[in-house]
Structures are given as C-alpha cells and as structure tokens.
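Following: one structure in structure tokens, then a few remarks.
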Amino acid sequence: MTRSDQPKMASQLKDNYTLYYDGACPLCRKEVNWLKKRCASKSYRLGFIDISEPSFDPKPTGRSLETLMKALHLKGPDEEWWTAMDATRIIYREIGLGWLMAPTAWPVLKPLFDGLYAGFAKVRPRLQREPCDRCIR
C-alpha cells in the first residue's frame with residue numbers, strides 16, 4: 001500500500017471506518033477497548049465489529065470468517081479494505097497517533113513489522129482464554 005492509497009484526513013475517520021476484530025482474543029479485545037475509549041474521548045466514531053460473536057455474518061463483507069480471523073481488517077469509506085499492519089497504521093494515524101506507527105512503515109522497518117504481525121497472527125488463536133467455536137485454530 002502506498003501513501004497515496006491511504007485516507008488523507010483525520011476527519012474522514014468519523015462514521016466511515018469499520019474495524020473487524022476477534023473479540024475472543026484477549027490482546028485484540030484489550031487493544032479495541034483502548035481504541036474505543038480513545039475514539040470516545042476525541043469524538044471519533046470508528047465502528048467496531050466483533051467477528052467472534054455468534055451473530056456475526058461475514059457474507060456482507062465479501063470475505064470468509066476464516067479470512068477475517070487471520071488478521072485485523074479495516075473497511076474504509078469507499079468500501080476499500082486494509083489488513084494487518086496497514087489497517088493498524090491507518091487507525092493510529094487517523095486517531096492522531098500516527099507518529100507511534102510511523103516507524104513501522106519506514107522502508108527499512110516495514111518488512112520487519114509486517115513479518116512480526118504475521119507471526120503474531122499465526123499464534124494469536126492459541127492465546128485465547130475463552131472458547132470460541134467459530135474461531136480458526
């Protein structure tokens with residue numbers, strides 16, 4: 001993903017982005033809870049959808065539950081999708097904390113951080129304390 005592919009203004013985040021996350025993952029849930037508090041305190045309205053909920057239907061996303069469980073997914077205002085670290089970078093930038101994630105996009109470091117995320121995503125299902133019949137292991 002190039003910088004020109006990314007949304008330009010923090011104001012675009014309001015009511016335009018939806019984050020799909022695995023609420024059965026304790027680390028994911030902790031991060032999302034922090035994001036929810038940050039968004040509420042700054043008047044950002046980022047949508048959050050817990051894909052581990054039994055009522056979640058992946059069909060409207062055009063993606064399978066298995067695909068959604070493999071990495072964080074962010075849907076943008078123009079129905080564009082970002083995953084994994086690209087999604088994380090956009091979220092942090094749009095809530096005013098892009099400087100925290102900026103080094104993860106530097107050409108020399110991006111492969112390292114993208115690889116670390118991919119490694120985490122592979123072991124993440126084993127970190128779940130709560131049973132999730134729909135989760136991919």
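Descriptive notes on the structure:
- Any hit, segment 63-83, residues being under 9 Å from the mean Cα position of the chain (by Cα), part of a helix (DSSP H, G or I) and free of Cβ contacts under 8 Å to residues at least 60 places away in the same chain: no
- Residue in segment 108-115 that is hydrophobic (A, V, I, L, M, F, W, C), at pLDDT 95 or above and under 13 Å from residue 19 (Cα atoms) present: no
- Number of positions in segment 100-130 that are over 17 Å from the mean Cα position of the chain (by Cα), assigned to a helix (DSSP H, G or I) and of a type in the set (A, V, I, L, M, F, W, C): 2
- Sole residue being farther than 28 Å from residue 112 by Cα and either at pLDDT 90 or above or in a loop (DSSP other than H, G, I, E, B) (or both), chosen from 48, 56: 56
- Within segment 1-30, the set of residues being modelled with pLDDT of 50 or more, more than 16 Å from residue 82 (Cα to Cα) and touching a helix residue (DSSP H, G or I) at 6+ places or on another chain (Cβ under 8 Å) comprises 23, 25, 26, 27, 28.
The values are calculated or read from the model by the stated rules, or taken from the named source; none is laboratory data. Everything numeric in this text was worked out from a predicted model, so none of it was measured. Don't worry about glycine lacking a Cβ; one is built from the backbone with ideal geometry, like all the others, and counts go over all protein chains shown.
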